[in-house]
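Engineer: Here it is, the structure, as structure tokens.
The values are calculated or read from the model by the stated rules, or taken from the named source; none is laboratory data. Computed from a predicted structure; not experimentally measured. Glycine gets a Cβ as well: all are built from the backbone with ideal geometry, and neighbour counts include every protein chain shown.
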Amino acid sequence: MTSPASAPRRSPSGVREIPNVLSIAGTDPTGGAGIQADLKSFAAHGAYGMAVVTALVAQNTEGVRDIHLPPVTFLRAQLDAVSDDVALDAVKVGMLGTVEVIETVAQWWDGLPDRPWLVVDPVMVATSGDRLLQADAEQALIEFLHRADLITPNIPELALLAGQEPAADAATLVRQARSVADAHGVVVLAKGGHFDDDEVEDILVHPADDDGARPDEGRHVSERVRTTSTHGTGCSVSSALAALRARGLSWDEAVPQVKVWMTEALRDTQRLNVGHGHGPIQHFAQLWGTQG
Ligand SMILES: Nc1ncnc2c1ncn2[C@@H]1O[C@H](COP(=O)(O)OP(=O)(O)O)[C@@H](O)[C@H]1O
Ligand SMILES: Cc1ncc(COP(=O)(O)OP(=O)(O)O)c(N)n1
């Protein structure tokens, strides 16, 4: 389990020992990515998890077969049902899919009386290569980002947000993350999982202040676990960070904790037997104990 953290910072009704964290995302019926992964990740990090579905995705470990988008009036009804009743400590936004969905979530967010922490995973394309964000929705997603406290792009997503080619090295990743952080006033966790070095480096970059000063970037390095079971790593990391932030950790404290957890979750995939493609991670490796 993750170590205990201080009480939630943004609790309108006082201290909540177990924070309320909401995922707004698409589904994965095989449980590896999307909302199903987010809920496991919240649970693994000591938060009460809730979920609003943006898109029903017929996918498995081999790829995406079909996507069904419920009417956005129903999406709004789901969002209101949660926020009219439950005080939110953090929200994680994953797959949004279309301009209409992005605008609906933005209008709901802008009308909230209290601001929970907001983590946005700018989901665009799955590992399988299937698009999860329509091409004409990319600009709307970019315009949504200023609402976030933290965004968690992978290498191709960061490149698109920066309007550049995908980074081929860490120095370029840092430059792109700085430009995106400054453009939107958000903290950026640039994830380096798509490089192929023996170590995986994720880089945490804060936006510059009005004088152009910024804290040094956090370089978070871990061993690369050699496994093909990496389905849902991005979803799971962004959700873990939302949960830990709601529990009172700073981003700089939460990222190394999540990296250790993810390494164990990837190592323990050998005990899972799910599907024929890119399998899921073992969210509960720390909780259940690992084999070796
Ligand atoms: N093989 C791996 N070994 C260890 N950590 C990994 C591995 N692959 C991804 N990660 C971690 O999982 C997270 C997701 O990374 P990445 O693959 O870059 O994003 P996405 O899943 O969104 O494409 C990052 O924190 C990254 O460091
Ligand atoms: C519904 C849904 N949302 C997001 C993803 C992408 O998952 P992610 O963790 O970014 O990475 P991969 O699973 O593609 O490795 C998804 N597949 N489905």
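Engineer: I need the full set of residues from the stretch 122-163 which are within 12 Å of ligand 1 (Cβ to nearest atom), part of a loop (DSSP other than H, G, I, E, B) and more than 19 Å from ALA106 (Cβ to Cβ), in order please. Talk me through it step by step, then tell me what you get.
Structural biologist: Kept after step one, since they are within 12 Å of ligand 1 (Cβ to nearest atom), are these residues of the stretch 122-163: 122-129, 132, 151-158.
Narrowing further to those that are part of a loop (DSSP other than H, G, I, E, B): 122-124, 126-129, 132, 152-154.
The answer is ALA126, THR127, SER128, GLY129, ASN154.
Engineer: Now for a different question. Scan the stretch 132-166 for residues that are in contact (Cβ under 8 Å) with a residue 60 or more places away in the chain and either within 28 Å of ASP114 (Cβ to Cβ) or among the basic types (Lys, Arg) (or both) and jot them down.
Structural biologist: If the condition is that a residue be in contact (Cβ under 8 Å) with a residue 60 or more places away in the chain and either within 28 Å of ASP114 (Cβ to Cβ) or among the basic types (Lys, Arg) (or both), then ASP149, LEU150, THR152 are the ones that fit.
Engineer: Give the residue, chosen from VAL119, VAL105, that is in a strand (DSSP E or B) and hydrophobic (A, V, I, L, M, F, W, C).
Structural biologist: Values: VAL105 fails: in a strand (DSSP E or B).
Among VAL119, VAL105, only VAL119 is in a strand (DSSP E or B) and hydrophobic (A, V, I, L, M, F, W, C).
Engineer: Quick one: is VAL82 hydrophobic (A, V, I, L, M, F, W, C), surrounded by fewer than 22 Cβ atoms within 10 Å (Cβ to Cβ) and out of contact with any strand residue (DSSP E or B) (no Cβ under 9 Å at 6 or more places or on another chain)?
Structural biologist: So VAL82 does not fit the description; no.
Engineer: In this structure, does VAL53 turn out to be within 23 Å of GLU143 (Cα to Cα), hydrophobic (A, V, I, L, M, F, W, C) and more than 21 Å from the chain's Cα centre (by Cα)?
Structural biologist: Working: within 23 Å of GLU143 (Cα to Cα): yes; hydrophobic (A, V, I, L, M, F, W, C): yes; more than 21 Å from the chain's Cα centre (by Cα): no.
Considered against the rule, which asks whether it is within 23 Å of GLU143 (Cα to Cα), hydrophobic (A, V, I, L, M, F, W, C) and more than 21 Å from the chain's Cα centre (by Cα), VAL53 comes out as no.
Engineer: Between residues in the stretch 15-35 that are crowded, with 24+ Cβ neighbours inside 10 Å and residues that are of a type in the set (Ser, Thr, Tyr) and in a loop (DSSP other than H, G, I, E, B), which pairs lie under 7 Å by C-beta distance while being six or more apart or on different chains?
Structural biologist: Within 7 Å, the pairs are GLY32/THR61; GLY34/THR27; ILE35/THR27.
Engineer: Has the stretch 53-69 got any residue that is over 20 Å from THR30 (Cα atoms) and modelled with pLDDT of 95 or more?
Structural biologist: Looking only at the stretch 53-69, we keep the residues that are over 20 Å from THR30 (Cα atoms), and these are none.
So far as the stretch 53-69 goes, no, none of its residues is over 20 Å from THR30 (Cα atoms) and modelled with pLDDT of 95 or more.
Engineer: For the stretch 164-207, give me each residue that is among the basic types (Lys, Arg) and surrounded by 17 or more Cβ atoms within 10 Å (Cβ to Cβ). Outline the logic, then answer.
Structural biologist: We begin by selecting, within the stretch 164-207, every residue among the basic types (Lys, Arg); these are 175, 178, 191.
Answer for the stretch 164-207, where residues must be among the basic types (Lys, Arg) and surrounded by 17 or more Cβ atoms within 10 Å (Cβ to Cβ): ARG178, LYS191.
Engineer: So ARG214 ticks every box in (1) under 29 Å from SER83 (Cβ atoms); (2) touching a His at 6+ places or on another chain (Cβ under 7 Å); (3) not polar (S, T, N, Q) but one. Which box is left unticked?
Structural biologist: Tallying (1) under 29 Å from SER83 (Cβ atoms); (2) touching a His at 6+ places or on another chain (Cβ under 7 Å); (3) not polar (S, T, N, Q), ARG214 fails exactly one: (1).
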